[in-house]
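Take a look at the structure below.
The values are calculated or read from the model by the stated rules, or taken from the named source; none is laboratory data. What you are looking at is a predicted structure, and each value in this text was computed from that prediction instead of being measured. Quick reminder, even Gly has a Cβ in these numbers, built from the backbone with ideal geometry, and neighbours come from all protein chains shown. Quick note on the areas: whole protein, heavy atoms, side chains included, nothing else; ligands and nucleic acids left out. Shrake-Rupley method; radii C 1.70, N 1.55, O 1.52, S 1.80 Å.
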Amino acid sequence: MALLFAFPVHANESNKHHSSKHSSKQVNFGPGDHYQHRMSVKLSDYQKIKDISHKASDLPGPLLRKRVEKITIKLNATEVIAEIAPGISYHYWTFNNTVPGPFLRVREGDTVELSLHNEENSSHAHAIDLHAVTGPGGGMAVTQVEPGETKNLLFKATTPGLFVYHCAAGNAATHIANGMYGLILVEPTQGLSKVDHEFYVMQGELYTHGRMGKKGFQAFDSRKMIDERPEYIIFNGRTGALVGDGQLHAKVGDKIRLFIGNAGVAKISSFHIIGEIFDRVYPEASLGSPLKNVQTTLVPAGGATMVEFQVDYPGNYVLVDHALTRIDRGAWGILNVTGKKNAALYSGDTDSHAEQGDEH
């Protein structure tokens with residue numbers, strides 16, 4: 001470490017496909033003054049994915065077992081081409097072809113065997129750091145895989161909570177910004193309280209060479225990342241991921257739990273649902289002492305939180321980062337609630353647009 005501080009190196013990643021210069025053995029921490037590479041991306045080298053977004057409702061259900069088990073998890077590090085928005089494509093780096101990657105769910109005390117495979121056509125080495133892991137690099141030290149390789153990590157889930165996982169090979173910020181992140185829940189031994197719906201929402205940032213809205217293929221811009229100037233701030237991988245076919249659904253009276261993560265790499269999220277109050281918030285995903293009756297909760301970069309609330313009135317509720325200019329960059333979604341109205345709770349003149357999703 002003394003040498004690292006005495007002779008700092010520049011953080012960089014090679015743009016040469018499958019070059020040893022992108023090896024996981026390269027030191028990639030240090031000043032970012034010259035971190036200004038631009039990868040040459042040959043689009044035909046990569047699979048095209050129709051929809052990069054991980055569905056908010058796509059997550060495993062609560063663990064009802066009372067005893068610990070050995071759990072096997074398989075993840076693939078893949079690089080694909082998909083759309084940020086209609087007509088705007090990007091070279092995403094992913095776990096299992098979605099952003100965020102799979103929602104992982106284990107029980108406190110479980111032993112987890114995680115296998116990480118890096119696809120042969122990947123342009124870079126990849127790895128995984130799980131914030132739920134106690135050990136060097138959160139697993140990164142034993143999972144760094146070159147293209148075509150597979151490595152295994154064995155760890156014990158000792159601490160309950162909701163944790164971020166992400167790629168940590170090379171310059172970790174680059175791998176995260178390109179889409180390699182997700183959440184792992186370590187359920188406490190007593191389990192979680194019963195709810196009607198659970199949803200998985202994760203905020204991320206995209207740093208593109210073209211300005212926001214510029215059509216065509218957009219390459220990653222390392223200078224913007226160093227300057228912390230994302231063009232897009234998004235939920236679940238792309239703009240509009242939690243709108244239309246991807247929106248969340250519930251009925252009046254339902255209890256909802258949201259698992260919320262923030263991949264960063266730079267911005268803190270001020271998570272809020274317009275028209276709702278969180279009955280319980282587990283700040284920074286600490287499951288011990290929830291806060292009650294919270295309007296907006298902070299989710300730090302590389303952190304998570306869990307919120308629970310009951311929906312009492314039909315309509316569309318907008319999920320936002322309450323740094324509201326980020327709505328225009330893509331950070332918003334819809335929770336659609338159907339059911340009977342309660343005039344004693346809420347009433348007034350509405351137009352047809354406001355009534356969308358209501359069930360009379």
remark   = When (1) open to solvent by 10 Å² or more (accessible area, probe 1.4 Å); (2) in a strand (DSSP E or B); (3) within 19 Å of N262 (Cα to Cα) are applied to I233, the one that fails is (1)
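Kindly indicate the residue of segment 110-134 that is under 27 Å from K48 (Cα atoms) and charged (D, E, K, R) and also surrounded by the most Cβ atoms within 10 Å (Cβ to Cβ) among those meeting that condition. Don't jump to the end; show me each part of the working.
First, the residues of segment 110-134 that are under 27 Å from K48 (Cα atoms): 114-129.
Adding the requirement that they be charged (D, E, K, R) leaves 119-120, 129.
Numbers: E119: 19, E120: 10, D129: 23.
Restricting to residues being under 27 Å from K48 (Cα atoms) and charged (D, E, K, R), the top hit is D129.
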In segment 27-51, residue modelled with the lowest pLDDT [restricted to those that are under 16 Å from E228 (Cα atoms) and open to solvent by 60 Å² or more (accessible area, probe 1.4 Å)] = D33
Contacts under 6 angstrom Cβ, first residue in segment 70-93 being modelled with pLDDT of 95 or more, partner assigned to a strand (DSSP E or B) and open to solvent by 40 Å² or more (accessible area, probe 1.4 Å), 6 or more apart = K70/T111; T72/E113; N76/H117; V80/Q47; I81/K48; I84/R238; S89/E83; S89/F217
Those residues of segment 255-275 which are open to solvent by 10 Å² or more (accessible area, probe 1.4 Å), among the β-branched types (V, I, T) and within 16 Å of the chain's Cα centre (by Cα), in sequence order = V265, I268
message = One residue is enough: does segment 88-101 have a residue meeting the conditions outside any strand (DSSP E or B), crowded, with 19+ Cβ neighbours inside 10 Å and on the phi < 0 side of the Ramachandran plot?
response = yes
message = With the condition being basic (K, R) and at pLDDT 95 or above, I'd like the strands (runs of 3 or more DSSP E) fully within segment 113-226 carrying at least 1 qualifying residues.
response = 150-156
inquiry  = Filter segment 102-155 down to the residues that are on the phi > 0 side of the Ramachandran plot and out of contact with any strand residue (DSSP E or B) (no Cβ under 6 Å at 6 or more places or on another chain) and list them by number.
reply    = G109, G135, G148
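Return the residues of segment 102-112 that are assigned to a strand (DSSP E or B) and either farther than 19 Å from L185 by Cα or of a type in the set (G, A, S) (or both); say none if nothing qualifies.
Listed by number, the list is empty, since nothing qualifies.
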task = Of the numbered conditions (1) out of contact with any Lys or Arg (no Cβ under 8 Å at 6 or more places or on another chain); (2) open to solvent by 30 Å² or more (accessible area, probe 1.4 Å), G204 fails exactly one; give the number of that condition.
result = (2)
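If I ask for residues that are closer than 27 Å to Y346 by Cβ, open to solvent by less than 40 Å² (accessible area, probe 1.4 Å) and not β-branched (V, I, T), which ones from segment 301-314 would you list? Write out each step before concluding.
Step one: of segment 301-314, the residues closer than 27 Å to Y346 by Cβ are 305-314.
Next, only the ones that are open to solvent by less than 40 Å² (accessible area, probe 1.4 Å) stay: 305-309, 311, 313-314.
Within segment 301-314, M306, E308, F309, Y313, P314 meet the criteria.
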ask   = Which residues, taken from segment 177-201, are open to solvent by 20 Å² or more (accessible area, probe 1.4 Å) and under 17 Å from the mean Cα position of the chain (by Cα)?
value = E198
message = Take L298 and tell me if it is surrounded by fewer than 18 Cβ atoms within 10 Å (Cβ to Cβ), among the aliphatic types (A, V, I, L, M) and not in a loop (DSSP other than H, G, I, E, B).
response = yes
request  = Being of a type in the set (A, V, I, L, M, F, W, C) and over 17 Å from the mean Cα position of the chain (by Cα) is the filter; apply it to segment 52-79 and report the residue that is most open to solvent (accessible area, probe 1.4 Å).
outcome  = L64
key: Failed item in (1) aliphatic (A, V, I, L, M); (2) open to solvent by 40 Å² or more (accessible area, probe 1.4 Å); (3) under 24 Å from F103 (Cβ atoms), with I327 passing the rest   = (3)
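State all residues of segment 282-295 that are more than 19 Å from the chain's Cα centre (by Cα) and either touching a residue at least 40 places away in the same chain (Cβ under 8 Å) or part of a strand (DSSP E or B) (or both); if no residue qualifies, say none. First the steps, then the outcome.
Step one: of segment 282-295, the residues more than 19 Å from the chain's Cα centre (by Cα) are 287-295.
L287, L291, K292, N293, V294 - these are the residues of segment 282-295 that are more than 19 Å from the chain's Cα centre (by Cα) and either touching a residue at least 40 places away in the same chain (Cβ under 8 Å) or part of a strand (DSSP E or B) (or both).
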query = Has segment 239-250 got at least one residue that is over 27 Å from R105 (Cβ atoms), β-branched (V, I, T) and within 20 Å of the chain's Cα centre (by Cα)?
reply = yes
task = Scan segment 207-230 residue by residue and report those that are farther than 27 Å from L335 by Cα, open to solvent by 20 Å² or more (accessible area, probe 1.4 Å) and not aliphatic (A, V, I, L, M).
result = H209, R211, K214, K215, G216, F217, F220, R223, D227, E228, R229
